[in-house]
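Working notes, structure below.
Values in this text are rule-based calculations from the coordinates and carry no lab data. Not measured: the values here are computed from a predicted model. Because the Cβ atoms are built from the backbone with ideal geometry, glycine has one as well, and the counts that use them run over all protein chains shown.
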4 protein chains.
Amino acid sequence: MTVPAPLTGVVPPVCTPLTPEREVDVPSLLRLVDHLVEGGVHGLFVLGSTSEAAYLTDPQRRLVVETVAGHVAGQLPVLAGAIDMTTPRVLSHAAAVTAAGADAIVATAPFYTRTHPAEIARHYRVIAERTDVPVFAYDLPVSVHTKLSSELLLGLAADGVLAGVKDSSGDLGAFRSVVTGARAHPDIRGFALLTGSELVVDSALALGADGAVPGLANVDPEGYVRLFLRCGEGDWAGARVEQERLCALFGLVGVGDPARMGGSSSALGAFKAALHLRGVIACPATAEPQIPLSEGETERVGKYLAAAGLL
Amino acid sequence: MTVPAPLTGVVPPVCTPLTPEREVDVPSLLRLVDHLVEGGVHGLFVLGSTSEAAYLTDPQRRLVVETVAGHVAGQLPVLAGAIDMTTPRVLSHAAAVTAAGADAIVATAPFYTRTHPAEIARHYRVIAERTDVPVFAYDLPVSVHTKLSSELLLGLAADGVLAGVKDSSGDLGAFRSVVTGARAHPDIRGFALLTGSELVVDSALALGADGAVPGLANVDPEGYVRLFLRCGEGDWAGARVEQERLCALFGLVGVGDPARMGGSSSALGAFKAALHLRGVIACPATAEPQIPLSEGETERVGKYLAAAGLL
Amino acid sequence: MTVPAPLTGVVPPVCTPLTPEREVDVPSLLRLVDHLVEGGVHGLFVLGSTSEAAYLTDPQRRLVVETVAGHVAGQLPVLAGAIDMTTPRVLSHAAAVTAAGADAIVATAPFYTRTHPAEIARHYRVIAERTDVPVFAYDLPVSVHTKLSSELLLGLAADGVLAGVKDSSGDLGAFRSVVTGARAHPDIRGFALLTGSELVVDSALALGADGAVPGLANVDPEGYVRLFLRCGEGDWAGARVEQERLCALFGLVGVGDPARMGGSSSALGAFKAALHLRGVIACPATAEPQIPLSEGETERVGKYLAAAGLL
Amino acid sequence: MTVPAPLTGVVPPVCTPLTPEREVDVPSLLRLVDHLVEGGVHGLFVLGSTSEAAYLTDPQRRLVVETVAGHVAGQLPVLAGAIDMTTPRVLSHAAAVTAAGADAIVATAPFYTRTHPAEIARHYRVIAERTDVPVFAYDLPVSVHTKLSSELLLGLAADGVLAGVKDSSGDLGAFRSVVTGARAHPDIRGFALLTGSELVVDSALALGADGAVPGLANVDPEGYVRLFLRCGEGDWAGARVEQERLCALFGLVGVGDPARMGGSSSALGAFKAALHLRGVIACPATAEPQIPLSEGETERVGKYLAAAGLL
């Protein structure tokens, strides 16, 4: 399908359920997609960070896109991450996910290598040139170790290189300069301004963002859809109540003991534990080398769900 | 072939010559391998950072390993990088490069994701378990954004997980603690202690390292081999003279204008320009999105070569 | 005077006007204070980052506090930074600024040294114990290189150690967890939740913050006061218009050429150039070793002022 | 006294013994100075990081310099840190320590503020202009968060601004470029090239450094003096044995539990515990807000001393 320009609404980065043997659990993935679509989301983003894209092999990545794109069959747009270190490798993924049915791709700046803004711009220009679907920039400094500047993003948007940005920088002031810059720019039309935050979606929408890509929407898609709708109606007080409930729920990402595991293990483990406890996926396993949550940590996930009215 | 335990000597991370269309230039790669072998090096490391592994597609990576392993045909050990974000993806590369003829693999800690030392240990244990060839750890904080601690390395070495380490951290004090720790440990035998430095190879060998993996050895393999031999003879004064000549030559990595390009573009561009000027490779192109050196910058590379007696 | 609990409203971090010889320009400082008070601000924060506290000698710091506290004479609260590396040095500043008339002090976590959360907590506990006035925490990771966690802040607030926080982390999601945590905590009363942002003051107030400490309020105090009032009235659309005007004005911090100077030189130089162009201070000099703006850069500051309706 | 140009040998950064009430313990400081002088050191560096300069108030700093300078009375040069955030504050300390008897000052680049190389150069030029004694640069990226480049250092050395550098960057390759650059430069004479490393002093001297400023020399001055002398005689094998003994001893900096305390607490606490156990100082207290070592941690310090033959 053609991705709306701009893309708006709630576009969850879809978790990738795994079997105990760490293979893609296709039935669980289908149930998760149904859970999201029934929750009212406006698009799906597969192979993002929350999808454990960094951990999936190429065949697994392909299987995920084929499964999800085949299942939604054009009901809503499917964006797919093309997450890799540099332009040529991103292009390989772009070709693969497009062939597998993705409607758009999402790419970060180069990482692992030492980059310069001119190289980042070149990176996106080359990707857009050689890819048939819209290209979204993914600003994720915690992983990529550079920040996409508003100058860079607005220049690429004005030249038609980018169809939108997912801002996961945590820096709402910087994101605002992209939002207001894009609104004011005569050559920018249909550029999607999406926040990757779970915690300030209401703030981002209030200052002009088009939508949100919150990992936590896997666990509670209805909540984020309600939040989006309330913002759209200008019901900021109602939105804040919903957002604060989701902020409290988001505390589940911290259940993992930091003496035993890193932040990815804890956050992704908690999302999957929550989906498992809610009956959506069959197994909460995360990919290697992540450390599994303990029983006690999983119980704490359950308490977060209960407190949010989700169990 | 079986990799010697420990691996010793000069093991250059082999540049990957590209055609103007950015395909692997196999004839140039063969000439480069001959240039290195004739220079007296003790092993080859393909698909490292200097090889632009981060930029090569999977078919290109495979072609490089097949070409080099086929050409040296067991004359000297061929290590291959299995550079990717996490365990499952590293395992895919490990299988591919092993099938293509690599004698050992080299892997970093996970990157892009947020890791914990326990996850890094698990990463290497899983890789070693599922790979038939020796596994070397690659400590490259500038790319990976974590440092492998000596406790971690020594624990993995003692358990037979790792066959060696390439230390590109720049922190010789920390490397020394691995060297002396390994020498003193009753369960560590044949663990290769390799520095990735270009600039303090004499220092590293003087404090007990087994060898070096200097990117600059592409340009001047004889120089690093001489340096290694002088250190082996205890001719520290002679080694220092050689090392200082190589340090001066290493200045070529800074020819690229930092206002126009990043450090990878400048350093890898300079190595390739030097190989081109020396007649080893047909084209100095680097992979996308790196910025090419200007004519003037390339001329400055030539001056460095001339000053080092290499033109 | 007694600082209101919680402190609310617009509390500008007051610039420190200097003479061409880099002494404190007292008449200009008095005019600046009048300009802010007439602009309707609710408190003054001297010796913060925007005040160039890092550059002022101890006698200069004392002179600033005496001048400002003496001039406002209890009309509105005067907070003073006690900015130094560790507890004992912060305590010296706390004693000095209190003696000079400050109504409260503002302190960062230790910096320069390698700190642990337990040491940061101890730091604030010792400071509060040995200081007679309320203590505000200053969260400024760009300078201090650690972030104050919400757990730490809420624990200290619950124990009565801290009277509030100035959050200059740029991370609104993290700040929100402090805001909602403080609102929900049975033992936290009167804890001031202040954002240090210039760009998302409306967002911060909408999610429950008590006030703002924006450096740009030196240049346009009326603007930030209007913004605060509109938020208080729930006029979010009007607030957004005002905030976007201020965001555009904030662009002046980028006038300095990054090839010639650092971010402090550019931002603080631009604030002072703006105050000079608006006729508030006699000289735009910044402290050593900052690089002065060029004539052309100063002209660009004037254009920002004109566009914002301030010239 | 006039500082030799270049300054050579072992110049320990002198610990600052404190009483249980955290006042400077003058009798212990005098004993520590005697212990170092009798150990054969070639100079003393007070008010460095190891001296807890970041924690000492201005009167304490002055007392330290007066005590030490008065006691050594010109027998050997006394360098004093002028550690603060920016030029004007460093100048205040420079004046104070010079008045108190220091023969030279040691200053870092600005910190806490966002700096540019041009500002760092200006910083040192202003300091040198307005200070009567030689100025040494202190390269300590772990605290200052910028690295002094070899270009910057060599330019300032050539202009007579700097009398030397203490390199505590841990990056021996970068230090080597300063060493060889200074040796080769026609305008640089008498510029002292000092490593701040404890672990690779032999390596640094082998590549041309003039001396070392190792914190661990507080605990074992004779060891570092022996190491320096053996290097001077070209007895590299003997030097390595001594250096490795000292490396093993340096393990004591890690006794503090990282779950309870930061790196400064552990390292400085261990140095002081060692001096206390060796009978040099009366009390091992470190300054606030550092966390004291536990009894068990102190016992482990004793074991390191015993293993090094120091108890």
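The simple Förster model, with R0 at 51 Å and r as the Cβ-Cβ distance, assigns B:Arg189 and A:Val37 a FRET efficiency of 0.30. Residues whose amide H lies under 5 Å from that of A:Val41, counting only those 5 or more places away or on a different chain, are absent; hydrogens are built 1.01 Å from N in the peptide plane. Placing a pseudo-label 7 Å from each Cα along the Cα-to-Cβ vector at C:Gln75 and C:Ala237 gives an inter-label distance of 3.6 nm. All other residues whose Cβ lies under 13 angstrom from that of B:Phe111 are scored, Lys and Arg at +1 and Asp and Glu at -1, for a net of -1.
Summarising the amide proton neighbourhood of B:Phe136: residues at separation of 5 or more, or on other chains, whose placed amide H is nearer than 5 Å comprise B:Ile105, B:Val106, B:Ala107, B:Ala163. Closest approach of a chain A Cβ to the axis relating A and B (residue, whole Å): A:His145, 3.
Okay, helix-only estimate at 222 nm for chain B: each DSSP H run of n ≥ 4 adds -39500 (n - 2.57), divide by all residues, round to 500 deg cm²/dmol; what do you get?
Working: 12 runs with 141 residues, N = 311.
The helix contribution divided over chain B gives -14000 deg cm²/dmol.
Full extension of the chain segment joining D:Ala99 with D:Ser149 gains 14.9 nm, where the gain is 0.36 nm per residue of separation less the Cα-Cα distance. Note on C:170-182: average number of Cβ atoms from other chains within 10 Å of each residue's Cβ is 5. Counting Cβ atoms of other protein chains within 10 Å of each Cβ in A:56-66 and taking the mean gives 2.
Work out the FRET efficiency for C:Ala5 and D:Val26 from their Cβ-Cβ distance, taking R0 = 45 Å, and round it to the nearest 0.05. According to the calculation, E is roughly 0.55. A DSSP coil position with no more than 10 other Cβ atoms inside 10 Å describes the following GluC sites (Glu not before Pro) in the range D:9-104: D:Glu21. Sorted from nearest, the other copies put their B:Glu295 label points 3.7, 7.5, 7.9 nm away, the label point being 7 Å from Cα in the direction of Cβ. Hydrophobic long helices, here whole DSSP H runs in chain A with Kyte-Doolittle means of at least -0.5 and Cα atoms spread over 30 Å or more along the helix axis, are not found. Across B:Gly254, B:Gly170, B:Gly262, mean-square fluctuation computed from a Gaussian network of chain B (C-alpha pairs under 10 Å connected) peaks at B:Gly262.
Placing pseudo-labels 7 Å out from each Cα toward the beta carbon at C:Asp257 and B:Asp159 gives an inter-label distance of 5.6 nm.
The range A:261-289 and the range D:86-114 have Cα centres spaced 53 Å apart. Where the convex hull is taken over the Cα atoms of chain C, what is its projected area averaged over directions, in nm²? Taking the Cα atoms of chain C, their convex hull projects to 14.5 nm² on average. Residues whose amide H lies under 5 Å from that of B:Ile281, counting only those 5 or more places away or on a different chain, are B:His276; hydrogens are built 1.01 Å from N in the peptide plane. Distances between copies at B:Gly309, taken between label points 7 Å from Cα along the C-beta direction, are 4.2, 7.5, 8.1 nm in increasing order.
For the range B:47-54, 3J(HN,Hα) computed residue by residue from phi via the Karplus equation (6.51, -1.76, 1.60; θ = phi - 60°) reads 6, x, 4, 5, 7, 6, 4, 5 Hz, glycine and proline entered as x. Only aspartates and glutamates eight or more places from B:Lys166 in sequence, or on another chain, were considered; those with a Cα closer than 19 Å are B:Glu52, B:Asp84, B:Asp103, B:Asp139, B:Glu151, B:Glu198, B:Asp202, B:Asp210, D:Asp171. Sorted on the mean count of surrounding Cβ atoms within 10 Å across their residues, most packed first, peptides B:232-245, B:98-111 read B:98-111, B:232-245.
Residue pairs exceeding 18 angstrom between C-alpha atoms, taken from B:Lys272/D:Lys147; D:Lys272/D:Lys303; C:Lys272/C:Lys303: B:Lys272/D:Lys147.
In this label model, A:Asp58 and C:Thr19 are separated by 7.2 nm, measuring between points 7 Å along each Cα→Cβ vector. A simple rule links phi to the HN-Hα coupling: the Karplus curve 6.51 cos²θ - 1.76 cosθ + 1.60 with θ = phi - 60°, which for the range B:191-206 gives 7, 7, 10, 10, 8, x, 6, 8, 9, 10, 5, 4, 4, 5, 5, 4 Hz, with x for Gly and Pro.
Distances from B:Gly254 to itself in the other copies, using label points 7 Å out along the Cα-Cβ axis, amount to 3.0, 3.3, 4.5 nm in increasing order.
Within the listed set D:Pro27, D:Pro77, D:Pro186, the residue fluctuating most in the Gaussian network model of chain D (springs between alpha-carbon atoms under 10 angstrom) is D:Pro186.
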